[in-house]
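To start, the structure under review is shown below, and the notes come after it.
The values are calculated or read from the model by the stated rules, or taken from the named source; none is laboratory data. Keep in mind that this is a model prediction, so the values were computed, not measured. Virtual Cβ from ideal backbone geometry, glycine too; neighbours counted across all protein chains shown.
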Amino acid sequence: MNPPPTALHMARRPAASAGAEDAAGRAGVLGFIGYGRPAGAAAAAHAPWPTRIAVRPLLDHTLRDDVWSTPAPLHQGQTGVVRWRAGAQWLFGAADLDAADEASAGGAGGGTEAVAHRVYADLFATLREHGNPALLRLWNYLPRITSDGGGLERYRQFNIGRQRAFLEAGQAAFEGAPAACALGLRTGGGLSLRFVAGHTPVRALENPRQVPAYRYPERYGPRAPTFSRAALAPLGEGMLALLVSGTASIVGHESLHAGDTLAQLDETLRNLRALIEAARAQSSAPFSLEDSSPVIYLRHAHEAPAVRERLAQALGGPSRFMREALFLEADICRPELDIEIETLACARGELAAS
Ligand code: 3EB
């Protein structure tokens with residue numbers, strides 16, 4: 001496949017300016033991933049597309065968005081519960097369910113599974129309507145993620161519904177699964193999903209230090225999570241994106257350093273460095289962890305200053321990593337884990353021959 005003639009751009013920007021740009025229509029904002037609950041003006045700038053994820057920003061209260069844009073005419077619509085916007089080769093989508101959707105979706109314990117299945121079935125219907133672009137990245141946010149959902153943890157139910165939807169749609173549920181994250185919300189709402197897709201070759205990456213998540217043994221749930229550790233995707237204009245999935249203190253398939261967030265952080269950094277190395281082996285792009293834009297999810301808000309300090313020591317205070325780091329309060333999908341880091345990098349380069 002040739003590189004797309006119309007490039008996709010990603011920028012992490014203060015929320016208000018992103019909204020202003022969207023409103024002015026100067027650049028084609030395909031979609032954004034925004035966090036927190038902005039006050040009136042910033043909220044109105046984006047309405048009605050789409051809502052922010054209800055996680056609390058930590059340390060500073062500057063709201064930032066990851067804005068995905070492309071200089072092309074855009075059109076938008078809705079497919080089932082998925083609202084989408086498309087332009088050139090690119091597609092952005094969002095779904096925000098509420099708690100009532102889950103309650104009505106299934107009987108004893110089946111609500112989370114049923115809702116995950118429905119959201120993903122609608123996502124794949126959206127992809128089909130757009131000629132089946134490849135998923136570059138998925139974001140999953142599930143309230144009360146490790147709570148019991150009637151005999152089975154809600155995240156495990158989510159994994160059952162998600163995997164079933166992938167298999168029914170003929171999408172790669174194992175090797176080649178998309179990059180993703182899955183975090184827990186502390187709100188009374190429902191599942192929120194975001195995705196970016198495009199007609200560009202997406203290459204899934206695995207981490208040599210970790211068992212692929214789609215091969216986790218059954219003790220982590222009856223159906224494995226459906227994601228790859230990272231993805232590489234050409235964005236056009238010679239740029240290559242590295243989209244690193246949520247990464248935690250997991251080696252092999254085991255959680256390490258329960259109860260010690262800073263040790264979990266160090267292990268997570270080793271995992272991230274191993275992934276970046278894998279990405280460099282698969283491309284000509286000079287990716288580095290230091291020159292990437294991370295989101296750091298913390299279970300315990302009060303640990304944010306210590307985590308930031310440790311990160312600054314490891315990555316250098318003036319690095320892009322530290323300048324663009326977003327610290328957010330969220331639950332991690334294993335109760336013993338307290339930190340998860342995802343990151344995104346763009347650099348000039350191409351995919352290596354596979
Ligand atoms: C892990 O490595 C940590 O279910 O989509 C990270 C990224 C995690 C994505 C998902 C879960 C997901 O298993 C959790």
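Observations on the structure shown:
- Candidate set: the range 6-25, residues that are modelled with pLDDT of 80 or more and within 22 Å of the chain's Cα centre (by Cα); chosen: the one surrounded by the fewest Cβ atoms within 10 Å (Cβ to Cβ): 13
- Selection of the range 148-186 for residues being more than 27 Å from residue 91 (Cβ to Cβ) and either touching a Phe, Trp or Tyr at 6+ places or on another chain (Cβ under 9 Å) or within 14 Å of the ligand (Cβ to nearest atom) (or both) yields 149, 153, 154, 156, 157.
- Restricting the search to helices (runs of 4 or more DSSP H) fully inside the range 247-345 and requiring at least 2 residues that are within 11 Å of the ligand (Cβ to nearest atom) gives 261-281.
- Of 136, 123, all but one fail to be hydrophobic (A, V, I, L, M, F, W, C), in contact with a Phe, Trp or Tyr (Cβ under 7 Å, 6 or more places away or on another chain) and under 26 Å from residue 294 (Cβ atoms); the exception is 123.
- Unique match (being within 27 Å of residue 7 (Cα to Cα) and under 19 Å from the mean Cα position of the chain (by Cα)) among 354, 292, 319: 292
- Residue selected from the range 163-200 under the condition of a type in the set (Phe, Trp, Tyr) and part of a strand (DSSP E or B), by the criterion surrounded by the fewest Cβ atoms within 10 Å (Cβ to Cβ): 174
- Selection within the range 52-98 - hydroxyl-bearing (Ser, Thr, Tyr), at pLDDT 90 or above and surrounded by fewer than 20 Cβ atoms within 10 Å (Cβ to Cβ): 79
- Verdict on residue 159 being free of Cβ contacts under 8 Å to residues at least 60 places away in the same chain and either crowded, with 20+ Cβ neighbours inside 10 Å or on the phi < 0 side of the Ramachandran plot (or both): no
- Taken across the range 104-127, residues that are over 24 Å from residue 340 (Cβ atoms), outside any strand (DSSP E or B), without any contact (Cβ under 8 Å) to a residue 24 or more places away in the chain and touching a Ser or Thr at 6+ places or on another chain (Cβ under 9 Å) do occur, with at least one present.
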